[in-house]
Amino acid sequence: PIFSAITREYGIKFDLKVAQSYNAVVEGMVNDKVDIAWFGPVSYHQAKERGVAQLLAVGVSNNESVYYSGIFTRKDSGLKSLADLKGQSVAFGDINSTSSFNFPVAMLLEAGLDPVRDLGEIHLTGSHANAMAALDAGRVDAACASYSSFEKAVGNGQIDPAEIVPLAKSDPIPYPPMAMHVTLDESLKKTLREAFNNVHLAKGITPDMVRGYGGKKIDRYNADYSEAEFDKAMSKLAVVTDELKAEMIKKASDQ
């Protein structure tokens, strides 16, 4: 509905596509196949580092533009802290995901755990939902996902919050951004910012139609969000190096 409303109000037409991975979105923008995209903060940073992405807007809910990553476990697991994950099996999502991989890995490191050396098994499941499903099925001892994915699974009846519970919650993370290609015409960029700042007020748009990343209901979009907030979040992930990711992939494949 929001894209249709912008087309009606501003005459900008959109051709919507669904990508299969975070990396596919980045590569789509790098190869000039994508003009506008939703990213996770990490994949947005990757696209920005490659010189193709520029912040367009972020979602706002309850006057905030943040979300949270979490590490979840079963209530009867006996696990009480991240330190208890030593020797345990953990499911992660996509390796380029901010909240189902990068922030959880940083949280483990901050708790004094080396994911390669200290975890019993590493499962790279490809998505938040797959990670939570592995936990729910008893295939792993803990799973990493965003709190919004956890809440969505609870709302859909896919997991029971009486059985699957948070073990740890991250610091606030900037909401997954919508970005635009740096080569777009400057007048178009200005119009897009105006459009997303005001789309929640557009004729025919009801509050339930205003959706953000992953279809999550939001109050509005903010096209004036500070880029510095993303830089601050990325500084926390400096410990999640490419070398560490490669070692985790190897451990997961060797199991």
Checklist line | Fraction of accessible area attributable to carbon and sulfur, the chain (%, probe 1.4 Å) | finding: 49
Item checked: Loop chymotrypsin sites (Phe, Trp or Tyr not before Pro), region 60-94 (other Cβ atoms within 10 Å of the site Cβ: 15 or fewer; DSSP) -> none
Check: Taking R0 as 22 Å, what's the FRET efficiency between Ser81 and Glu163 from their Cβ-Cβ distance, rounded to 0.05?
Finding: 0.70
Next item on the list: Pull up the cross-link candidates among the aspartates and glutamates for Lys13, meaning alpha carbon to alpha carbon under 20 Å and not fewer than 8 places away within one chain.
Entry: Asp32, Asp35, Asp185, Glu186, Glu194
Margin query: Leaving out ligands and nucleic acids, and using a 1.4 Å probe, what accessible area per residue does region 1-59 come to in Å²?
Written below: 54
Checklist line | For region 110-244, accessible area per residue (1.4 Å probe, heavy atoms of protein chains only), Å² | finding: 50
Next item on the list: Over the chain, consider all pairs of different Cα atoms and compute the Kirkwood hydrodynamic radius from their mean reciprocal separation; express it in Å, one decimal.
Entry: 19.1
Next item on the list: Just tell me which aspartates and glutamates come within less than 14 Å, Cα to Cα, of Lys169; anything on the same chain fewer than 8 places away is out.
Entry: Glu110, Glu151
Margin query: About the Cα centre, and with charges only on the beta carbon of Lys, Arg (+1) and Asp, Glu (-1), how big is the dipole of the chain? Nearest 20 debye, please.
Written below: 480
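Would you mind calculating the gained length between Arg8 and Asn31 on full extension (0.36 nm times residue separation, minus the Cα-Cα distance), in nm to one decimal?
Gain on stretching Arg8 to Asn31: 5.4 nm.
Once fully extended, how much extra length lies between Leu201 and Asn23, figured as 0.36 nm per residue of separation less the alpha-carbon to alpha-carbon distance?
60.8 nm
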Next item on the list: Specify which residue in the list Leu124, Ile218, Thr241 is farthest towards the positive end of the charge dipole of the chain, using unit charges on the beta carbon of Lys, Arg (+1) and Asp, Glu (-1), about the Cα centre.
Entry: Ile218
Next item on the list: Loop only per DSSP, at most 13 neighbouring Cβ atoms within 10 Å: give me the chymotrypsin sites (Phe, Trp or Tyr not before Pro) in region 153-255, ordered by residue number.
Entry: none
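The values are calculated or read from the model by the stated rules, or taken from the named source; none is laboratory data. Everything numeric in this text was worked out from a predicted model, so none of it was measured. Backbone-built Cβ (ideal geometry, glycine too); neighbour counts: all protein chains shown. These area figures cover heavy atoms from the full protein model, side chains too; ligands, DNA and RNA do not enter into them. Shrake-Rupley method; radii C 1.70, N 1.55, O 1.52, S 1.80 Å.
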